[in-house]
Structure formats: C-alpha cells, structure tokens
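Peer 1: Questions regarding the structure given below will be posed in turn.
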Ligand code: CMP
C-alpha cells in the first residue's frame, strides 16, 4: 500500500489501520467484476492486472470508457453519489484488487482530506479525458480517431526506441476500435494504410510510430 500514490501521505500507523479494513480479491481474465446498474457497495484498488470500464448496447456492442492499471481505482462513483454502478468493469487479465466497504471508504475520506483531494484530482483528470473522447467522437472521422488514439496511447504509455515510439498492443484490434467507436475491420484497414504510408509499423504485439508529426496532421 505504501507504493500506492493514493495512500502515500499515510503514516505507518495509519497504513496498519487501513490494512484492517482492506480485503484482497482476485478475478480471472475476462471475468466481470461488476455490472452497470448493480448496487455499488465497494471501492476497488488495482494491485496487479488490468481492467476495462465498458458500456454495452442491447445487441452486445461494446464501448470502452477507460482502461485502468495497477495503483488506479474504480467504483468510487456509486459510493460518492449513491447511484447504481455507472458502467461494467471486466478484468482484461488476471487481476488482483483491494476492496474497501462503502462506510469504511467514506469515513476514510472524512478522516483524510488529502485522500479526498487526490480522488477529486483523479476525477477531474478522468472528466478531462472523457471530454477529449466526446470531442473525438463528435468531430473526427475514423482515421482521425485512430490517429488521435495512437498519439494518446504513445503519450501515456509509449516507449522511445530508435525508429520512433513503441506502443505495446495490450488489447485486441476489436478493443482498440471499441475505445473510439470504430469497427474492428475499419480499425485494421486504417492501421494498414498508415503502415503503407510509412507512418507506423505493425508487429504482432506492438506498433512502432515512426512519424508522430504526420499522425498529428491526420487528426
Ligand atoms: P461506479 O459508477 O461505481 O462503477 C463504474 C466505475 O467505472 C465508476 O464508478 C468509475 O470508477 C469507473 N468509470 C466510469 N466512467 C469512467 C471513465 N470515463 N473513466 C474512468 N473510469 C470510469
């Protein structure tokens, strides 16, 4: 817990108290952690693994609102506003979480204003990202959406290599498309055309962006 930014200001004593109210839970790959409209009684902190936050249509189409990584949290919204879960959360790989029950979580916020501020800061960043997603969906065509998604992933999680910026493809092409409302087929076609133009190269598990400037021009 010491390495989790959310609790970095806690003293050893406070961390020990915190441990008493935390439970560990493990979810296998592809399991549903909770579903949209479920009542929300727990706060979740990711220790290892990855989850996707999704909404689905009745025909089974999926939209991905966010992908969350270790030290990130979810499930806070229902605890704060008392409404049912706003989205479904699914484990993308085996995922270990710490869960804190609603009343324990709320009393932590009262006792630790700095924790409340950190959660507010994260909510603000998430709203910023969501606004950017709305902008993408409102104003960009499929190729602009893919260009912007690749730029955002490169910024958040890219690694500099000799040929450019490498991004690990931790998700399927389908999921890549589901992040921006583009079908799997169109996603594959546009990635291929970017590759033919020399903007990027596609390997099995990663993409190397060779010309990020050109990608920016496509947005
Ligand atoms: P809650 O509504 O309790 O359950 C679904 C959770 O998904 C929600 O709390 C947030 O923790 C998380 N979530 C919902 N929308 C987003 C988003 N746009 N970005 C990141 N996380 C989100």
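The values are calculated or read from the model by the stated rules, or taken from the named source; none is laboratory data. It should be emphasised that the depicted structure is a prediction, and the values quoted were computed from it without experimental measurement. Backbone-built Cβ (ideal geometry, glycine too); neighbour counts: all protein chains shown.
Peer 1: Counting only residues that are surrounded by 11 or more Cβ atoms within 10 Å (Cβ to Cβ) and closer than 20 Å to residue 115 by Cβ, which one in the stretch 15-33 is nearest to the chain's Cα centre (by Cα)? Steps first, please.
Peer 2: First, pick out the residues of the stretch 15-33 that are surrounded by 11 or more Cβ atoms within 10 Å (Cβ to Cβ): 15-18, 21-22, 25-27, 29, 31-33.
From what is left, the residues that are closer than 20 Å to residue 115 by Cβ are 15-18, 21-22.
Numbers: 15: 26, 16: 29, 17: 29, 18: 25, 21: 25, 22: 22 Å.
In this case the residue turns out to be 22.
Peer 1: How many of the residues in the stretch 42-62 are more than 10 Å from the ligand (Cβ to nearest atom), exposed (fewer than 15 other Cβ atoms within 10 Å of the Cβ) and in a strand (DSSP E or B)?
Peer 2: Qualifying residue count for the region: 2.
Peer 1: Checking the structure you have, find out if any residue of the stretch 180-192 is more than 14 Å from residue 64 (Cβ to Cβ) and in contact with a strand residue (DSSP E or B) (Cβ under 9 Å, 6 or more places away or on another chain).
Peer 2: Checking the stretch 180-192: at least one residue is more than 14 Å from residue 64 (Cβ to Cβ) and in contact with a strand residue (DSSP E or B) (Cβ under 9 Å, 6 or more places away or on another chain).
Peer 1: Then there's this: If I go through the stretch 96-141 residue by residue, how many of them are buried (at least 17 other Cβ atoms within 10 Å of the Cβ), over 20 Å from residue 78 (Cβ atoms) and within 20 Å of the chain's Cα centre (by Cα)?
Peer 2: 2
Peer 1: Okay, moving on. Right, residue 198: away from the ligand (no atom under 16 Å from the Cβ), touching a strand residue (DSSP E or B) at 6+ places or on another chain (Cβ under 6 Å) and more than 21 Å from residue 40 (Cβ to Cβ) or not?
Peer 2: On the way: away from the ligand (no atom under 16 Å from the Cβ): yes; touching a strand residue (DSSP E or B) at 6+ places or on another chain (Cβ under 6 Å): no; more than 21 Å from residue 40 (Cβ to Cβ): yes.
When the stated conditions are applied, residue 198 does not pass them.
Peer 1: Right, something else. The conditions are (1) farther than 17 Å from residue 6 by Cβ; (2) surrounded by fewer than 17 Cβ atoms within 10 Å (Cβ to Cβ); (3) in contact with a strand residue (DSSP E or B) (Cβ under 7 Å, 6 or more places away or on another chain), and residue 39 fails exactly one of them. Which is it?
Peer 2: The number of the failed condition is (3).
Peer 1: Right, next: Taking the condition of being surrounded by fewer than 16 Cβ atoms within 10 Å (Cβ to Cβ), farther than 21 Å from residue 124 by Cβ and in contact with a strand residue (DSSP E or B) (Cβ under 8 Å, 6 or more places away or on another chain), how many residues in the stretch 71-95 meet it?
Peer 2: Residues that pass the stated criteria total 1.
Peer 1: Just for helices (runs of 4 or more DSSP H) wholly inside the stretch 63-176: which have at least 2 residues that are more than 9 Å from the ligand (Cβ to nearest atom) and at pLDDT 95 or above? Can you show your working first?
Peer 2: Numbers: elements: 76-81, 102-111, 113-139, 142-157.
Counting at least 2 such residues, we get 102-111, 113-139, 142-157.
Peer 1: Let me ask something additional. Exactly one condition in (1) exposed (fewer than 14 other Cβ atoms within 10 Å of the Cβ); (2) closer than 20 Å to residue 170 by Cα is not met by residue 65; state its number.
Peer 2: Only one criterion in (1) exposed (fewer than 14 other Cβ atoms within 10 Å of the Cβ); (2) closer than 20 Å to residue 170 by Cα is unmet by residue 65, namely (1).
For (1) closer than 20 Å to residue 68 by Cβ; (2) in contact (Cβ under 8 Å) with a residue 24 or more places away in the chain; (3) surrounded by fewer than 20 Cβ atoms within 10 Å (Cβ to Cβ), each residue gets a yes or a no:
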site: 143; (1), (2), (3): no, yes, yes
site: 155; (1), (2), (3): yes, no, yes
site: 172; (1), (2), (3): yes, no, yes
site: 178; (1), (2), (3): yes, yes, no
site: 198; (1), (2), (3): no, no, yes
site: 215; (1), (2), (3): no, yes, no
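Peer 1: Which condition number in (1) more than 19 Å from residue 52 (Cβ to Cβ); (2) surrounded by fewer than 18 Cβ atoms within 10 Å (Cβ to Cβ); (3) within 15 Å of the chain's Cα centre (by Cα) is the one that residue 168 fails?
Peer 2: It fails just one condition, (1).
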